[in-house]
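The values are calculated or read from the model by the stated rules, or taken from the named source; none is laboratory data. Model, not experiment: these values are computed from the prediction. Reconstructed Cβ throughout: ideal geometry from the backbone, glycine too, with neighbour counts over all protein chains shown. For the accessible areas, the whole protein counts, side chains as well, though only heavy atoms, and no ligand, DNA or RNA atoms are used. Shrake-Rupley method; radii C 1.70, N 1.55, O 1.52, S 1.80 Å.
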Amino acid sequence: MPPGTPAEDSIRTITLEAFADTIIPGEKRHPGDRAVAGAAAGGGAVQAGAIELLQWNATGVSEGLDDYARLLNEHASAYADEAGLVLDASVPPFVALPFEHRTALVARLTAPDHPEKPFWILLALFSNMAYDSAAHMHTAEAIAAGHPGLRAMGIAAPGADGLWRFPAFSYGRPLARLHPDTTPSGSPA
Amino acid sequence: MTSTERTDVLVVGSGFGGAITAYHLAAGGAKVEILERGPWLTAKDFEQDFMLGSSYTRIFDFTVGEGMSILGGNCVGGGSVVYFAAMPRAPRFVFERQGGLGRRVWPASVSRDTLDPWYDRVAESIPITKQDWDDVTYAGGLWAAACDHSGRTANPVPAAVDRNRCTNCNWMMAGCKFDAKQSLLLNYLPAALAHGARIRPLHEVQRIERNHDGSYRVHYDLIDEEDYRIRSAGGAIDAKIVVLAAGAGATPVILQRSEAALGRMPHGVGRYFSGNGERLNTAVLNEDRVREVLGLTREGGLAYAANQIGKGPTVANWDRLDGSLPEFTRYSLEQLYFPPGLGTILAQVADAVGPSWFGVRKKEMLSRWQSWLIIFQMIEDANEGVFGPPPAAGNADRISQQMLGVGRLRYDPAETTLRAWAMADAEVKEILERDGLAEVTAWTNDVVGAYTVHPLSSCRIGDDPATSALDDRNELRGHPGIFVTDGSAVPTALTVNPAMTIAALAERAVPGIVRAARERGVEVTYGAPAPDGATSGRRGVAELVPTLMRK
């Protein structure tokens, strides 16, 4: 099958979704959702836009996504053999792994002694960034759109002009003794 | 045949080390060119936005190394544009440090007493506020109250922030939209421009060679303004004096790459790198306990829940900055804001059985993000960092269009460093877990190694040629006319935020650079006032200048 056909794209996409969902797990998008394991309530990295972010060439990983998916599935097959797991062949091997085994495999791939560690850390980094900072969207727009990560973290929305300002910011009273060796300019002596 | 451009002084980089020297040399009469590899943005361009491609990723560089990753500025104004503007002076004992050498590391001519007049010059040039408790943010106040509750002191940290303009938006790392942060864009750089200096953004210096007449030829590439992975042929400029101030993660790399043309580099080039002993802890506060134990409340009936509000660090605990304590056991503990994007991934869940930095429990931890308090440790490391052979261009293989790249730094923490981090971890835990206030964990070093926002010492000053690349006046040993004035020159970790010390050492380097320039036929004098014309700082250093200008 030539690269880029829908079937291969979807294999790639659900494999990467399953990876992102291992980093920041979310609830299933629909009952038949195989990529998202449903290990946590609320949206996770996938719902936050991980695939959109990973596919953006600004990240520098977009051109390697085929390799990521292929390698991840190879690792998943080897892991399943080792663990004596029989995987559902109707989905890619990593997607077929139960959530706790996806987690164990990602922990192994990102461990300090793994030869491919930097490669997998990058994928984890962008998966996390999709959730904690919506790096594929303007932040104010992401908050207005109810971005699941920013909402779950409780990040406050900007003011009407799109800028953040916090007029109340201080308890406004002394809260500790100063170090006795402080200079008049406020530095350590 | 095309003729190569010529200048008196070529400055590489426009952060503290570049802007300060450029200003004084231009004001003194030299023709000064500044090459800056990052873009030139000002308040109107700064965006409060985490989207890739916004000012946040355009002006910030995150360079992954082996065992240590570096965050630094990448723009006109350098670190001053992205930093959190904490400007403490280094404590007296730091200058007496011996590191692993068994003798004083700093040059004999530099102590707190001899540096204070240079600190004063910086303080006159960059408005620094001695913050009081009304300026201290909720996060800083919480840290102060917790320190007090455990019998410790806590100090508001001096900062280069105009409190009347500051909105406490906590977007300092994306550039200050309100010009509250007193970056170099507001003082030294405009003053340098007024005296005829030129700044060329998106010019990345690659290497230096020596001409037959003893001048230097500096080669640069042009960097695409949006996609920093794209570079095009630049050119070369001949200069009588070269001031390297590309940052401690880049200056040694330029010199390493120049070794083939310039000849042997001093041993200290690309060695003795210090991450300023930095490490981060995350506390997740129990809001009820904050109210009950510390008696803190704020508007809306909240106790804290204010991680997003503020202006970087505002309060530090300095109880361990005690010169009578043994080296490698002294450190400061500073409250710090670290934005999402890079500020959450390394935080670890408490008592992890499975993975500590991702997964279900990490997501739960993120749901309490507004109750996070980040504590920044600055211990005395042992200058363990070493740069490997340089990449083909720049100081990193860039991965993303902006911000993210892989550099060549290797950092294997010494036992003394690991012990100091463990001590500091334990102390933060002791302070913040007391009476159930919070759960505290350290950031993992397993993902991108240790993590520094204050790279130092990779080309340091000293008296001993075997362990310092620069003499005590910042001139590169064996290569007269090349000076290094950025964080690379600072010999050791400082136990406090280093910008003030980097700036003071750059101020102190200027007389020696003027002397060298004059010897090379440049008509330049020393003695410019502060950028706004104030002169008391100049009077304060007057007695020190003749020695620094002596050959």
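A few notes on this one:
- In the set (1) modelled with pLDDT of 95 or more; (2) within 17 Å of the chain's Cα centre (by Cα), A:A140 fails one condition alone, (2).
- Taken residue by residue, the stretch A:10-21 has at least one member that is at pLDDT 95 or above, open to solvent by 40 Å² or more (accessible area, probe 1.4 Å) and not charged (D, E, K, R).
- Among residues of the stretch B:446-461 that are within 14 Å of another protein chain (Cβ to nearest Cβ) and more than 20 Å from B:I345 (Cβ to Cβ), none has a Cβ under 8 angstrom from a residue that is open to solvent by 10 Å² or more (accessible area, probe 1.4 Å) and in a loop (DSSP other than H, G, I, E, B) at a sequence gap of 6+ or on a separate chain.
- Residue check, B:D148 without any contact (Cβ under 8 Å) to a residue 24 or more places away in the chain and in a helix (DSSP H, G or I): yes
- Identity of the residue in the stretch B:329-347, within 23 Å of B:G151 (Cα to Cα) and crowded, with 21+ Cβ neighbours inside 10 Å, that ends up nearest to the other protein chains (Cβ to nearest Cβ): B:S332
- No other residue among B:G99, B:G73, B:G151 is at pLDDT below 95 and either among the small types (G, A, S) or within 20 Å of B:F16 (Cα to Cα) (or both) apart from B:G99.
- Of the residues screened, A:R108 is one that is more than 20 Å from A:R12 (Cβ to Cβ), more than 9 Å from chain B (Cβ to nearest Cβ) and either basic (K, R) or out of contact with any Asp or Glu (no Cβ under 6 Å at 6 or more places or on another chain) (or both).
- Filtering B:I70, B:I128 for residues that are closer than 30 Å to B:G405 by Cα and open to solvent by 10 Å² or more (accessible area, probe 1.4 Å) leaves a single hit, B:I70.
- Consider the stretch A:50-66 and keep the residues that are in a loop (DSSP other than H, G, I, E, B) and open to solvent by 10 Å² or more (accessible area, probe 1.4 Å). The one that is nearest to the other protein chains (Cβ to nearest Cβ) is A:G60.
- In the condition set (1) without any contact (Cβ under 8 Å) to a residue 24 or more places away in the chain; (2) open to solvent by 20 Å² or more (accessible area, probe 1.4 Å); (3) assigned by TED's automatic domain parsing to the domain that holds B:T485, B:E96 is compliant with all but (1).
- Here B:H212 passes the criteria (1) open to solvent by 30 Å² or more (accessible area, probe 1.4 Å); (2) touching a helix residue (DSSP H, G or I) at 6+ places or on another chain (Cβ under 9 Å); (3) assigned by TED's automatic domain parsing to the domain that holds B:S458; (4) assigned to a loop (DSSP other than H, G, I, E, B) except the one numbered (2).
- Each residue in the stretch B:86-127 was checked for being within 14 Å of chain A (Cβ to nearest Cβ), assigned to a loop (DSSP other than H, G, I, E, B) and not polar (S, T, N, Q), and 7 of them qualify.
- Residue match in the stretch A:116-124 (condition: buried (at least 21 other Cβ atoms within 10 Å of the Cβ) and assigned to a loop (DSSP other than H, G, I, E, B)): no
- Residue-level check: of (1) assigned to a loop (DSSP other than H, G, I, E, B); (2) open to solvent by 20 Å² or more (accessible area, probe 1.4 Å), A:A134 misses just (2).
- Subset of the stretch A:144-171 that is within 16 Å of B:S367 (Cβ to Cβ), without any contact (Cβ under 8 Å) to a residue 60 or more places away in the chain and more than 7 Å from chain B (Cβ to nearest Cβ) - its residue that is most open to solvent (accessible area, probe 1.4 Å): A:R151
- Scope the stretch B:26-47; condition touching a strand residue (DSSP E or B) at 6+ places or on another chain (Cβ under 8 Å), in a loop (DSSP other than H, G, I, E, B) and open to solvent by less than 20 Å² (accessible area, probe 1.4 Å); matching residues: B:A30, B:E36, B:G38
- Answer from A:P174, A:P184 - the residue that is more than 7 Å from chain B (Cβ to nearest Cβ) and either of a type in the set (D, E) or free of Cβ contacts under 8 Å to residues at least 12 places away in the same chain (or both): A:P184
- Options A:A69, A:A80, A:A35, A:A76; residue that is open to solvent by less than 20 Å² (accessible area, probe 1.4 Å), assigned to a loop (DSSP other than H, G, I, E, B) and more than 14 Å from chain B (Cβ to nearest Cβ): A:A35
- Contact map, the stretch B:314-332: first residue at negative phi and touching a residue at least 24 places away in the same chain (Cβ under 8 Å), second residue of a type in the set (F, W, Y) and in a loop (DSSP other than H, G, I, E, B), Cβ cut-off under 7 Å, separation 6 or more or different chains; pairs are B:R320/B:Y331; B:S332/B:W318.
- Checking B:S80 against (1) of a type in the set (S, T, N, Q); (2) out of contact with any Asp or Glu (no Cβ under 9 Å at 6 or more places or on another chain); (3) within 14 Å of chain A (Cβ to nearest Cβ), the condition it does not meet: (3)
- Within the stretch B:348-374, the set of residues being in contact (Cβ under 8 Å) with a residue 24 or more places away in the chain, more than 10 Å from chain A (Cβ to nearest Cβ) and part of a loop (DSSP other than H, G, I, E, B) comprises B:Q348, B:V349, B:A350.
- Unique residue being free of Cβ contacts under 8 Å to residues at least 12 places away in the same chain and touching a strand residue (DSSP E or B) at 6+ places or on another chain (Cβ under 6 Å) when the list is B:S274, B:S215, B:S232, B:S258: B:S232
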